[in-house]
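Everything on this sheet refers to the single structure shown next.
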Amino acid sequence: MPEKTLAEDARTGAAAKAEPAASAKRWWILAVVAVAQLMVVLDATIVNIALPSAQADLGFSDGNRQWIVTAYALAFASLLLLGGRTADLFGRKPAFLVGVVGFAAASALGGAANGFGMLVTARTLQGAFGALLAPAALSLLNTTFTDARERARAFSVYGAIAGAGGAVGLLLGGLLTDAFDWRWTLYVNVAIAFVAFAGGWILLTNHRDAAGSKLDVPGTVLVATGLFSLVYGFSNAETHDWGSPLTWGFLIMGGLLLTAFVWWQTRAEHPLLPLRILLDRDRAASFLAVLITGAGMFGVFLFLTYYLQLNLGFSPTKTGVAFLPMIGALMVTAQLGTTVLLPRIGPKAIIPLGFAVAAVGMAWLTGIGVGSHYMSAVLPQVVVIGVGLGLVMPPAMQLATGGVAAEDAGVASATVNAMQQVGGSIGTALLNTLAASAATDYLSGRDATSKLVQAQATIESYTTAFWWSAGLFAAGALIAFALYRRGVPQQDATAAPVVHM
C-alpha cells in the first residue's frame, strides 16, 4: 500500500513539473498557428492594395482584374472542405506543413509572374494550399487547448491577431508596393512561411481524430465542381453577359451539383460534410451570416481601393493607412460583441443590429464624388461599416464553430472559411459585373473621350457596387433576425471549443 502511494506521488510530482513546459509549448503552438493564419489573412488584403500597380505593370484589363482576387478565393473555397477533412483523416501536422510550403512556393511564383496568366495560376495555387492550411491551423488550436479557461484565452489572442491581419495586409501592401514594387506583396509570404514551418516542425505532433474514416471522393468531386461552377458563372457575367450559356449554364450546373452533394451526404458512409454540423439552427444562421458578410465586405475593399488610388490620388501606403480606422473599429466591436453582448443578450439582437449598421454605413458611402475628400466622404462611413461588421463576423464565426464534436472540428472550421470565401468570390464577381455595367450605361450617349466623363463613370460604378453591398447587408439583417433563436446560446462543455476569428 505505501509503495502504491509513493508511485502515485511520483507520478503527481512528475506531472506537476511537466505542466509548465506543456503549457509553454501550447502557447508557442498558438504563436506558430497565428503566424500561419496571418499569412493567409494578409493575402486576402495585401494584393488588393497592389492590384492597380500590378495591372499597370502586366497590362491586363479592368474586366480581368477581378480574377487576381477571384482565382485565389475560387480555389480556396472549392477545396476547403477537402482540406479540412484531409487534416482530420491524415493528421493536422502534415496538412499544416504541406500547406505552408505550398503556399510559399505559389507566392514566389506569383511574385515572378511575367504575365496575367502566370499571376492567375499562382493565385489559384495559393488558394489551393491555403485551403489545406487554414482548417488545419484552426483545428490544431481545437486539439491543443483543452482547459476551458486557457482555451478561451488562446482563441481570444488568435482572434485579435487574425483581425489585425487585415489591417497589417493593407498597410504592408502599401509600404512594399511603394518601397519596392507590387511583387514584394507576394514574396513576403516566403519569409513568413519559413517561420511558420520551422515552428510547426519543432512543436507540433501529429493527431488524427477521424483516422477510422475514409475520404468521401464522390462528395469531394461534387462540392468542388459545384462551387467552382457557381463562382465561375457569376464571374463570366461581366466578360460575356447574363444571357450567355457561359453565365447561366455554369450557374445552373453549380446549383445542381451542390444539390447532388447535399443528397449524397445523406447516404455516404463517411460524408465529407456531415449534415449534423448544419442542422443546428443557430449554426446554420451563422453560416449564412458569414456568407453574406463575405459577399458585401470583399466589394468594399476592392472598389474603395481603386477609388482612393485612382480618383483621390492616394499612394498604396496612404491607401493602406486609410483603411486602418475601419479595421480598428471592427476589432473593438468584435471584442465587445463576443465577450460582452453575445453572452448577455444572444445573437438574435446583436447580429441583425450589426448588419443594419453596416448597411447604413455602406449606403452613406455612396455619396462619394469626383471632388470628394477622404475625411468627410470616406472616413466616417468606413468607421460605421467597421462597427457593424465587428458585431456580425466574430459572433457568427463563434456560433458557427462552437459545439461540434472533435472529429468534425476540421471540417466545421473549413465550412466557415468556405462560406466566407464563397461569399467573397460571388460578391467580387457579381459586384464587379454590376459596376462595369453601370459605367457602360453612364458612358452611353456621352463623350467617352472626356476625362471628366470617364471619372464620373468610375464613380457611378463604385456607388452601384456600394448600393448593392448595402442591400446585401440589409438582407442579412432580416435573415439573421428570422433564423436565430431567442436568448443566449448554450455551449456544451464536452463539445469542441468555440473558435474566435
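The values are calculated or read from the model by the stated rules, or taken from the named source; none is laboratory data. Model, not experiment: these values are computed from the prediction. In this analysis, Cβ positions are derived from the backbone assuming ideal geometry, glycine residues included, and neighbour counts consider all displayed protein chains. Protein only, heavy atoms only, side chains kept; ligands, DNA and RNA dropped before computing areas. Shrake-Rupley method; radii C 1.70, N 1.55, O 1.52, S 1.80 Å.
The table below lists the values:
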item	result
Carbon + sulfur, % of accessible area of the range 350-401 - ligands and nucleic acids excluded, 1.4 Å	78 percent
Solvent-accessible area per residue for the range 40-101 (1.4 angstrom probe, square angstrom)	23 Å²
Solvent-accessible surface (1.4 angstrom probe) belonging to M39, in square angstrom, nearest 10	0 Å²
9 Å beta-carbon shell around A400, net charge (K/R +1, D/E -1)	0
Extension gain from A260 to W27, taking 0.36 nm per residue of separation minus the Cα-Cα distance	79.6 nm
Three-way shape call for the range 312-388 based on the alpha-carbon gyration tensor, with the a/c threshold at 1.5	oblate
Rounded if a/c under 1.5, otherwise prolate or oblate - the range 263-406, Cα gyration tensor axes	prolate
Residue-level accessible surface for Y232, protein heavy atoms, 1.4 Å, Å²	60 Å²
Local net charge near P52, Cβ-Cβ under 11 Å (Lys/Arg +1, Asp/Glu -1)	-1
Kirkwood hydrodynamic radius of the range 294-342, Cα pairs, Å	12.2 Å
Share of carbon and sulfur in the accessible heavy-atom surface of the range 80-149 [1.4 Å probe, %]	70 percent
Net lengthening on full extension, L275/L379 (0.36 nm per residue, minus Cα-Cα)	33.2 nm
Solvent-accessible area per residue for the range 425-473 (1.4 angstrom probe, square angstrom)	45 Å²
Within the accessible area of the range 168-286 (1.4 Å probe), percent carbon and sulfur	71 percent
